[in-house]
Structure formats: C-alpha cells, structure tokens
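A.B. asks: Before I ask anything, let me first share the structure, which is written out below as structure tokens.
Throughout, read-outs are computed from the coordinates displayed, never taken from laboratory work. On a predicted model such as this, the values are computed, not experimentally measured, just so you know. Note that we place each Cβ from the backbone using ideal geometry, even for glycine, and neighbour counts take in every protein chain shown.
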Amino acid sequence: MKKIRTLLGDIEPSQLGFTYSHEHLWTNPPAQQKDRDLELTDYEASVSELWRFKKAGGNALVDATTLDYGRDAGKMRQMSIETGVHVIATTGFNKHVYFPKWVEALTIEEITQKLVRDVTIGMDGTTSKAGFLKSGSWNQLIHPLEEKVTRAVARAQLQTGAPIWLHTEAGTMGMEMLDILEEEGIDLSLVGVGHSDRNADAYYHLQLAKRGAYVQFDGSSKIKYYPDSTRVELIKNMIENGYVKQLLISGDMGRQCYLHAYGGGPGFEYIIKKFIPRLLDEGISQEDIHTIFVKNPARWLAQFEG
C-alpha cells in the first residue's frame, strides 16, 4: 500500500484521519508583498492555533507554504511534534510575483532536481520531506515563469510520485494549468485545483472534475468573496453530479486576521464547529462529509511507495 509523506515520516493512509487540505502554519512572503497580514511568523501563535484544531477534532493538516513564500520545515516539524497533528508540507512555487531570481536563471531540469531533493532528502536544511508539489498561475493568465515551474513540478512528479496542488489566482486558469501538466504526461487524478470556489462557476467545477482532478474549495467563512450559502450550493453541485470523491474542502486561513491566536478569526475551528454542522443541516450526509475530509485527502496524498 502506498503511503503519505508527513514532516515526521511516511504514514499509512488509515492514519491520516480528519484533514484540512489547504492551510498555512508558517509564512513569510517576500518583501514585494506589502500586506504583512499574510506573515505568520509567531511560533507560539501558530502552534496554539494548531492545538485548537486538534482539540476540535482535527488530525492532519496540509500546509501549502512554498519555498518562495517563507516556508520553514523546521518550525512546522516542531509544531507537529508538539501537537501530534500530522503535517504534510509542500515544495514548489506560489505565483510569479514571489519567485526568487534563480527561477529565471535556472533551467527547468535544474529546478526539477531542487524539487526532487525536497521530496526525497529534506527541506530547509532538515530531514523532513515534502509530501506534495505545488505550482501556481496568475489571474486570467499563466506567466512564462509560471509555465516554466509548472513543467518542473510535473517532471518532479514523474520522478517522485508526489501528488500536485495548483494555486489558481481568483480561481482562474485551472483548465489551462491542467493542460500543461497533461502535456508533461501527468495523471490528472493526482492533481488538486485550489481556490476553485473563488470562481463560483458550477459548470467550471464540473469540467475540472470530468478531467479527473480534485476540485478544492478553500474559502469557507470568507464572506468578502462569497457568503457560505454560495459554497454550500457549489458543494451540492459536485455531490449531485457524482463527484464527491473529487472534492477537497479547507479554509486557507493564511492571514493573521483569520486566526484566533493572532488576534483574528474565525480560526481553524470554524469548519469543524460551524461549517460542517451547516452542511449537515442543509442536507449533506455524514457519509459525504467523511469522504470529503477523511477519504479524499488520504487518497490524494497516498502516492509514495512504502
């Protein structure tokens, strides 16, 4: 049986348990990002938020902080040790506005080998390995450097078996990103398309799912984009069309203003304590909840040979 690669080592899929499939524990965006609310660099605050998640019933968390966004595998590894929460971290890139200069200087193959080392040897000077690969695109376009690193991510996937997650700015360019991965020979059933609910287009979500990809809704509670009533309808659309096994749900609470321990809210507890009860109240079954938060993340992440 294939295993899931956490920061503390590989585990069986059955050990993963209830999972948030896209969050952030430690971030430090580059200086060009002037909005420092996106910076999560208070260890005690972050580990306290993770404890809240654990106490509410969470068992595993997928951290999507990339090497161009201030990833720190050592800090996240220690949080996992302290809380007992499985943490799955990534290697790869966010979007071109954050890329370090070496992305332009290096060849696709050189970037690929950097990603392979993160998956197979360790990240950030530690022995903790990445459990998935990440690439991203811009709003309504794919920048040439984003295409470059997406091809590197694809080639690293073919060498390591690691699953892939895609950042899509405002929920756009998901289909086009899948096109690039498909050109590189990637099995799209290994790919999660993030931020899909930022583009509240039910037809679009079904098109992604028809290609075999996981469709991720990661904006729960963020009424500045849409009320949760819209997300509930989008979730029902996926379920009613037979794609519950390709649905991932999380909160992407990568801002200080979203996290209790940083002085904000609603925090990591929100989905467990408020959103899931609402889904149940609106007619979504407990079986489907279990599929979305337990079975689907385990199936997506379990790609490593035991």
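A.B. asks: Report which label in [x] 170; [y] 147; [z] 116 holds the value of volume of the Cα convex hull per residue in Å³ derived from the coordinates of this structure.
C.D. replies: For volume of the Cα convex hull per residue in Å³, the calculated option is [z].
A.B. asks: Additional query: For residue 184 and residue 305 in one chain, what is 0.36 nm times their gap in residues minus the Cα-Cα distance, to one decimal in nm?
C.D. replies: That pair, residue 184 and residue 305, stretches by 41.4 nm at full extension.
A.B. asks: In nm, give the distance between the simple-model label positions of residue 12 and residue 223, each being 7 Å from the Cα along the Cα-to-Cβ direction.
C.D. replies: According to this spin-label approximation, the distance is 4.4 nm.
A.B. asks: Return the single residue from 60, 202, 73 with maximal mean-square fluctuation; model: Gaussian network over the chain, springs between Cα atoms under 10 Å.
C.D. replies: Comparing 60, 202, 73 in the GNM, the peak value goes to 202.
A.B. asks: If you count the DSSP beta bridges with both ends in the chain, what percent of them are antiparallel, to the nearest 5?
C.D. replies: About 20 percent, rounded to the nearest 5.
A.B. asks: Over segment 176-237, what is the mean sequence separation of C-alpha contacts under 8 Å (at least six apart), divided by residue count, expressed as relative contact order in percent?
C.D. replies: Relative contact order comes out at 33 percent.
A.B. asks: Got a sec? How would 10, 281, 63 order by Cβ neighbour count within 10 Å, fewest to most?
C.D. replies: 281, 10, 63
A.B. asks: Arrange the following residues from fewest to most other Cβ atoms within 10 Å of their Cβ: 138, 102.
C.D. replies: Fewest-to-most ranking of 138, 102: 102, 138.
A.B. asks: Next question, about the same structure. Trypsin sites (Lys or Arg not before Pro) within segment 1-79: which are DSSP loop residues with at most 13 other Cβ atoms inside 10 Å?
C.D. replies: Here the sparse-neighbourhood loop sites are 34.
A.B. asks: Most exposed first by the Cβ proxy, i.e. fewest other Cβ within 10 Å, how do 175, 79 rank?
C.D. replies: So the ranking, lowest neighbour count to highest, is 175, 79.
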